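The values are calculated or read from the model by the stated rules, or taken from the named source; none is laboratory data. This structure is a prediction, so every number in the text was calculated from the model and none was measured. Here the Cβ is made from the backbone with ideal geometry for all residues, glycine too, and neighbour counts use every protein chain on show.
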Amino acid sequence: MGGDPRGVVHGRSATQLTYDLSRALAKGTGGRPWGPGDEVVVTELDHDANVRPWIQAAEASGATVRWLRLDPATADLDLTALDDVVTERTRLVAVAGASNLLGTMPDVARIAARAHAVGALVHVDAVHLAAHAAIDLAALGADLLVLSPYKLFGPHCAALVADPALLETIRPDKLAPSTDAVPERFELGTLPYELLAGVTAAVDFLAGLGARGGSRRERILDAHARIHAHELRLRGRVEEGLRALGDRLVLHSIAARRTPTLFLTPTRVDAADAYRALLAHDLLVPAGSFYAQEPFRALATGAPGGLRIGLAAYTDDAEVDRLLAGLDAVL
Ligand SMILES: Cc1ncc(COP(=O)(O)O)c(C=O)c1O
């Protein structure tokens with residue numbers, strides 16, 4: 001992640017880590033708790049795991065919630081309002097590294113620059129991003145970042161990554177006999193070491209996809225460059241195939257910068273029916289809104305859900321052929 005190992009907090013899931021962090025941050029960094037007059041900024045692009053914990057922590061502390069809105073016409077955050085939404089009152093901005101619904105990779109660095117200019121912290125949900133890109137905390141401008149290794153071929157646990165000096169200023173609720181040291185201060189109870197062994201194996205697997213030689217970080221960066229090229233090529237093929245289906249679907253994933261994750265609304269069939277029909281073709285194209293309640297609402301599709309196509313490092317051309325044939329048959 002480009003972080004400091006002493007700033008890595010292990011947890012059960014990104015949701016759990018974000019909930020714990022939101023409550024601890026609301027108690028204040030360096031002793032200044034959130035309260036009336038303070039503001040917390042969330043976005044309409046985010047998975048609910050990076051929305052609801054912040055809203056609830058803000059409400060409990062008397063702070064106000066402000067929103068960065070999603071523009072369905074670009075499938076990206078509307079940053080024209082950035083300076084109005086992120087102000088001297090802002091204590092924290094919570095934003096996705098990438099949307100698990102649309103794939104959109106918003107301009108986190110720009111949002112972080114504004115947040116830092118007004119003295120606010122930036123919390124990045126990198127769960128979806130980490131599945132498709134190498135993470136660099138400094139490049140993102142993230143003060144705090146969560147990810148879940150199950151999105152990168154590992155087991156389901158999660159990590160919060162931050163500057164240890166920042167973590168030192170946060171005082172989570174913890175048991176009396178447990179250590180006050182960072183990062184252990186944030187890790188409630190005994191860690192699942194068997195899962196962490198799986199995380200190491202997954203990271204080594206990822207590094208193994210990169211060029212030999214160099215540090216593990218360098219091999220991971222190279223692996224992600226290769227994965228990106230592979231996924232981008234396949235995404236181009238899928239998009240071409242979707243265009244050929246004409247008005248049988250509306251494709252919502254249109255942002256300039258995005259992962260190979262394509263969210264669409266079928267126009268002639270119900271998404272849930274299409275999902276089941278595609279299973280019969282041995283294709284997993286799940287239907288729903290994928291806990292991305294806010295972006296799904298903002299898209300205002302008028303349907304109860306849509307279909308999500310996800311490509312990964314291991315997806316191949318034959319699978320793309322089968323996907324496009326299946327979609328043609330079902331939609
Ligand atoms: C963008 C994003 N954030 C958060 C989560 C929640 O992760 P976890 O299940 O580890 O809480 C997900 C899971 O799909 C996700 O895609």
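If the condition is being in a loop (DSSP other than H, G, I, E, B) and closer than 22 Å to P155 by Cβ, then the stretch 173-209 contributes P183, E187, L188, G189, T190, L191, P192, L209.
Here the stretch 62-80 is the region considered, the condition is being within 16 Å of the ligand (Cβ to nearest atom) and free of Cβ contacts under 8 Å to residues at least 60 places away in the same chain, and the residue that is surrounded by the most Cβ atoms within 10 Å (Cβ to Cβ) is L77.
Within the stretch 175-215, the residues that satisfy the criterion of being in contact (Cβ under 8 Å) with a residue 60 or more places away in the chain, among the aliphatic types (A, V, I, L, M) and in contact with a strand residue (DSSP E or B) (Cβ under 9 Å, 6 or more places away or on another chain) are V182, L188, L191, L196. Examine the stretch 265-277 for a residue that is surrounded by fewer than 20 Cβ atoms within 10 Å (Cβ to Cβ), among the β-branched types (V, I, T), in contact with an Asp or Glu (Cβ under 8 Å, 6 or more places away or on another chain) and touching a residue at least 12 places away in the same chain (Cβ under 8 Å), and state whether such a residue exists. Within the stretch 265-277 (the criterion being surrounded by fewer than 20 Cβ atoms within 10 Å (Cβ to Cβ), among the β-branched types (V, I, T), in contact with an Asp or Glu (Cβ under 8 Å, 6 or more places away or on another chain) and touching a residue at least 12 places away in the same chain (Cβ under 8 Å)), the answer is yes, since at least one residue qualifies. Among residues of the stretch 82-100 that are within 9 Å of V118 (Cα to Cα), none has a Cβ under 6 angstrom from a residue that is within 16 Å of the ligand (Cβ to nearest atom) and at pLDDT below 95 at a sequence gap of 6+ or on a separate chain. The one condition from (1) of a type in the set (K, R); (2) assigned by TED's automatic domain parsing to the domain that holds G326; (3) at pLDDT below 95 that R237 does not meet is (3). Among the residues of the stretch 126-166, those identified as surrounded by fewer than 24 Cβ atoms within 10 Å (Cβ to Cβ) and more than 16 Å from V203 (Cα to Cα) are L137, A138, A139, L140, G141, D143, D163, P164, A165, L166.
Of all residues in the stretch 10-34, those that are more than 20 Å from P183 (Cβ to Cβ) and within 13 Å of the ligand (Cβ to nearest atom) total 0. Yes or no: the stretch 50-61 includes at least one residue that is more than 16 Å from the ligand (Cβ to nearest atom), surrounded by fewer than 17 Cβ atoms within 10 Å (Cβ to Cβ) and closer than 24 Å to G37 by Cα. Looking for residues that are more than 16 Å from the ligand (Cβ to nearest atom), surrounded by fewer than 17 Cβ atoms within 10 Å (Cβ to Cβ) and closer than 24 Å to G37 by Cα, one finds at least one in the stretch 50-61, hence yes.
Scanning the stretch 129-153 for residues that are in contact with a helix residue (DSSP H, G or I) (Cβ under 7 Å, 6 or more places away or on another chain) and within 11 Å of the ligand (Cβ to nearest atom) gives A130, A131, V146, L147, S148, P149, K151.
For the residues G3, G37, G7, the requirement of being away from the ligand (no atom under 16 Å from the Cβ) and surrounded by fewer than 17 Cβ atoms within 10 Å (Cβ to Cβ) singles out G37. Given the structure, is A98 of a type in the set (A, V, I, L, M), in a helix (DSSP H, G or I) and either within 16 Å of the ligand (Cβ to nearest atom) or closer than 30 Å to D204 by Cβ (or both)? The answer is no for A98. Just one of (1) modelled with pLDDT of 95 or more; (2) more than 30 Å from H252 (Cβ to Cβ) fails for V122. It is (2). Put simply, of R226, R243, R237, R212 the only residue that is out of contact with any Cys (no Cβ under 9 Å at 6 or more places or on another chain), in a loop (DSSP other than H, G, I, E, B) and on the phi < 0 side of the Ramachandran plot is R212. Considered as a group, the residues in the stretch 10-34 that are assigned to a strand (DSSP E or B) and either among the charged types (D, E, K, R) or modelled with pLDDT of 95 or more (or both) include one that is surrounded by the fewest Cβ atoms within 10 Å (Cβ to Cβ), and that residue is R32.
The number of residues in the stretch 280-318 being surrounded by fewer than 20 Cβ atoms within 10 Å (Cβ to Cβ), under 25 Å from the mean Cα position of the chain (by Cα) and acidic (D, E) comes to 1.
Answer yes or no: is there a residue in the stretch 253-262 that is under 25 Å from S99 (Cα atoms), surrounded by fewer than 20 Cβ atoms within 10 Å (Cβ to Cβ) and more than 19 Å from the chain's Cα centre (by Cα). Within the stretch 253-262, not a single residue is under 25 Å from S99 (Cα atoms), surrounded by fewer than 20 Cβ atoms within 10 Å (Cβ to Cβ) and more than 19 Å from the chain's Cα centre (by Cα).
When D83 is tested against (1) in contact with a strand residue (DSSP E or B) (Cβ under 7 Å, 6 or more places away or on another chain); (2) away from the ligand (no atom under 16 Å from the Cβ), only condition (1) is not met.
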